[in-house]
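Student: Take this structure, written in structure tokens, and hold onto it; I'll ask about it next.
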Ligand SMILES: Cc1cc2nc3c(=O)[nH]c(=O)nc-3n(C[C@H](O)[C@H](O)[C@H](O)COP(=O)(O)OP(=O)(O)OC[C@H]3O[C@@H](n4cnc5c(N)ncnc54)[C@H](O)[C@@H]3O)c2cc1C
Ligand code: FES
């Protein structure tokens, strides 16, 4: 990322320096290559290495530098789309199996932490789900959660501002410092003779019956039997998966608060969009972490305003808050039927696997996903493989699928709308805007020295018009969530190439 491009900083990135790795500097081989060193790729690589597989992990950025570093790290088995919704979409048995996979992931994280002796502020906590007093979903959700095998009880709220809400309490949840966890797993991978390279961008995947070759932007290749695409949004897939899931931006603020002033637990409400809350015990203070205000990526004109709304909401719900110490945002991927896509990539051969569709529950998704993909690669039976098969079609989610498709199609109207500004001179310093010139649209960014960087405003994936994000200083695609930094470098797939550069005008001061 260009030094001029802003990026918000999470409490995890601020409080812990992750392990650093070298860039790949030669052609190499492995049994399995994992693209993406977030919690999904690292968990999968760790589990494969414990099975004796020779693994290589590559990442364009730093370890945990994607959405993993942006998380709030609730380790939760409470399915955020709701147990009743899962039953409606997939039936009671599948809802039960999904809930079992979530619980297994919480146990697996705890098992790994104990086995590897990881100090990552892991703590078992209760989870509380709040429903407005008149919300009829409360009883339905309680019963569906019990049917799904969850430990759940009707409770009072430990938070004053939710005392009038109906509350479900879910024991057996957990929380941790995610970067401490993935750093320790990376250390364990190295110890088991695995290799990790950062600053290494995969820009082409060649897939044949015999092997998979991952080509990197700096001109090297990794020859491997199996490849796992753990890039959050798969870069190996052009359409099949991206029509079945959507990218959302979500916002977080963190307040330093007096120790123990808010009980340490996980909290969620059922507003639309919902809020998610936890407490991170820091050295002298606690940090109250509040997230929410989600919207579809690239479909909010003023993302900065989302922080303002979140602050207003927080001040209304917690006493004594002043200014937040942290503000950050990130991206979650919502599958149309609420379940992750874990398994063989529908657009590739038998040996390319994807891990995607976290649904905002990426800590558990990465963990049962890692377990599942590891089983598939080493040839073990896995009881969740059919449930999460990326090829599945969920008939009952057809309505959602059509709605999402229509939303994507409606973005193409941007071809005929005017730009945000008439001329590049109208763009403020360190800001971007889209301008129209005849039939074409251009994305223009003015850096702190007044240089104007001009690109085609069309996303390299499927040509939707990109939107400027004033919080992250990035170009975001409203169709399938690709993102680019202020000077056009790709940050999030499905796009695998940078924005098309037109010019840099160094004279426009
Ligand atoms: C604000 C926020 C709050 C959240 N809160 C929670 C929560 O409380 N609990 C929960 O369970 N989940 C939560 N989530 C979701 C969770 O954080 C994510 O699902 C999870 O971290 C995703 O991990 P990942 O490994 O799949 O992706 P990432 O961490 O994004 O890792 C993907 C990696 O792939 C790399 N990459 C991409 N393209 C390429 C390429 N071409 N070549 C090489 N490398 C590439 C990226 O650099 C990146 O490091 C939250 C997410 C956000 C944004
Ligand atoms: S991400 Fe698909 S068109 Fe941009």
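The values are calculated or read from the model by the stated rules, or taken from the named source; none is laboratory data. Computed from a prediction, not measured in an experiment: that's the story for all the values here. Note that we place each Cβ from the backbone using ideal geometry, even for glycine, and neighbour counts take in every protein chain shown.
Student: Going residue by residue through segment 299-322, is there one that turns out to be within 16 Å of ligand 1 (Cβ to nearest atom), under 30 Å from residue 392 (Cα atoms) and touching a strand residue (DSSP E or B) at 6+ places or on another chain (Cβ under 8 Å)? Before you say what the answer is, go through the steps one by one.
Tutor: Taking segment 299-322 first, the residues within 16 Å of ligand 1 (Cβ to nearest atom) are 300, 303-304, 306-307, 309-311, 313-314.
Okay, now just the ones that are also under 30 Å from residue 392 (Cα atoms), so none.
No, segment 299-322 contains no residue that is within 16 Å of ligand 1 (Cβ to nearest atom), under 30 Å from residue 392 (Cα atoms) and touching a strand residue (DSSP E or B) at 6+ places or on another chain (Cβ under 8 Å).
Student: Can you give me the number of residues within segment 275-294 that are out of contact with any strand residue (DSSP E or B) (no Cβ under 6 Å at 6 or more places or on another chain) and either assigned by TED's automatic domain parsing to the domain that holds residue 482 or touching a residue at least 12 places away in the same chain (Cβ under 8 Å) (or both)?
Tutor: Adding up the residues that qualify gives 4.
Student: Yes or no: segment 186-193 includes at least one residue that is closer than 29 Å to residue 108 by Cβ, surrounded by 21 or more Cβ atoms within 10 Å (Cβ to Cβ), modelled with pLDDT of 95 or more and out of contact with any helix residue (DSSP H, G or I) (no Cβ under 7 Å at 6 or more places or on another chain). Full working, then the answer.
Tutor: Keep residues of segment 186-193 that are closer than 29 Å to residue 108 by Cβ, which gives 186-193.
Filter once more, so that each one left must be surrounded by 21 or more Cβ atoms within 10 Å (Cβ to Cβ): 186, 189.
Applying the additional criterion that residues be modelled with pLDDT of 95 or more yields 186, 189.
Adding the requirement that they be out of contact with any helix residue (DSSP H, G or I) (no Cβ under 7 Å at 6 or more places or on another chain) leaves none.
Looking through segment 186-193, none of the residues is closer than 29 Å to residue 108 by Cβ, surrounded by 21 or more Cβ atoms within 10 Å (Cβ to Cβ), modelled with pLDDT of 95 or more and out of contact with any helix residue (DSSP H, G or I) (no Cβ under 7 Å at 6 or more places or on another chain).
Student: Quickly run through segment 47-105 and pick out the residues that are crowded, with 22+ Cβ neighbours inside 10 Å and more than 16 Å from ligand 1 (Cβ to nearest atom).
Tutor: 49, 83, 86, 95, listed by residue number.
Student: Go through segment 145-159 and report how many residues are touching a residue at least 24 places away in the same chain (Cβ under 8 Å) and more than 30 Å from the chain's Cα centre (by Cα).
Tutor: 1
Student: Quick check, is residue 465 surrounded by 14 or more Cβ atoms within 10 Å (Cβ to Cβ), within 16 Å of ligand 1 (Cβ to nearest atom) and touching a residue at least 24 places away in the same chain (Cβ under 8 Å)?
Tutor: Values: surrounded by 14 or more Cβ atoms within 10 Å (Cβ to Cβ): yes; within 16 Å of ligand 1 (Cβ to nearest atom): no; touching a residue at least 24 places away in the same chain (Cβ under 8 Å): yes.
Here the answer is no, as residue 465 does not meet what is asked.
Student: I'd like to know if segment 327-343 contains one or more residues that are surrounded by fewer than 21 Cβ atoms within 10 Å (Cβ to Cβ), in contact with a helix residue (DSSP H, G or I) (Cβ under 6 Å, 6 or more places away or on another chain) and over 26 Å from residue 99 (Cβ atoms).
Tutor: yes
Student: Being within 11 Å of ligand 2 (Cβ to nearest atom) and over 23 Å from residue 204 (Cα atoms), is that true of even one residue in segment 428-440?
Tutor: Pass one, segment 428-440, residues within 11 Å of ligand 2 (Cβ to nearest atom): none.
Checked against the condition, which is being within 11 Å of ligand 2 (Cβ to nearest atom) and over 23 Å from residue 204 (Cα atoms), segment 428-440 yields no hits at all.
Student: Against the definition (in a strand (DSSP E or B) and either modelled with pLDDT under 95 or in contact with a strand residue (DSSP E or B) (Cβ under 8 Å, 6 or more places away or on another chain) (or both)), how does residue 42 come out, yes or no? Break it down into steps so the answer makes sense when it comes.
Tutor: On the way: in a strand (DSSP E or B): no; either modelled with pLDDT under 95 or in contact with a strand residue (DSSP E or B) (Cβ under 8 Å, 6 or more places away or on another chain) (or both): yes.
No.
Student: Does residue 126 fit the bill of being over 27 Å from the mean Cα position of the chain (by Cα) and either in a strand (DSSP E or B) or without any contact (Cβ under 8 Å) to a residue 40 or more places away in the chain (or both)? Before the answer, list the steps.
Tutor: Numbers: over 27 Å from the mean Cα position of the chain (by Cα): no; either in a strand (DSSP E or B) or without any contact (Cβ under 8 Å) to a residue 40 or more places away in the chain (or both): yes.
Spelling it out, it is not the case that residue 126 is over 27 Å from the mean Cα position of the chain (by Cα) and either in a strand (DSSP E or B) or without any contact (Cβ under 8 Å) to a residue 40 or more places away in the chain (or both).
Student: Next up: Taking residue 406 as meeting all but one of (1) within 30 Å of residue 501 (Cα to Cα); (2) surrounded by 18 or more Cβ atoms within 10 Å (Cβ to Cβ); (3) free of Cβ contacts under 8 Å to residues at least 40 places away in the same chain, write down the number of the exception.
Tutor: (2)
Student: Filter segment 455-506 down to residues that are assigned to a loop (DSSP other than H, G, I, E, B) and away from ligand 2 (no atom under 14 Å from the Cβ) and give me whichever is nearest to residue 243 (Cα to Cα). Show your work before the answer.
Tutor: Initially, segment 455-506 is screened for residues assigned to a loop (DSSP other than H, G, I, E, B), giving 457, 459-464, 466, 470-473, 477-482, 486-489, 493-500, 506.
Next, from what is left, pick out any that are away from ligand 2 (no atom under 14 Å from the Cβ): 470-473, 486-487, 489, 506.
On the way: 470: 27, 471: 26, 472: 25, 473: 26, 486: 26, 487: 27, 489: 24, 506: 40 Å.
Looking at the filtered set, the residue picked out is 489.
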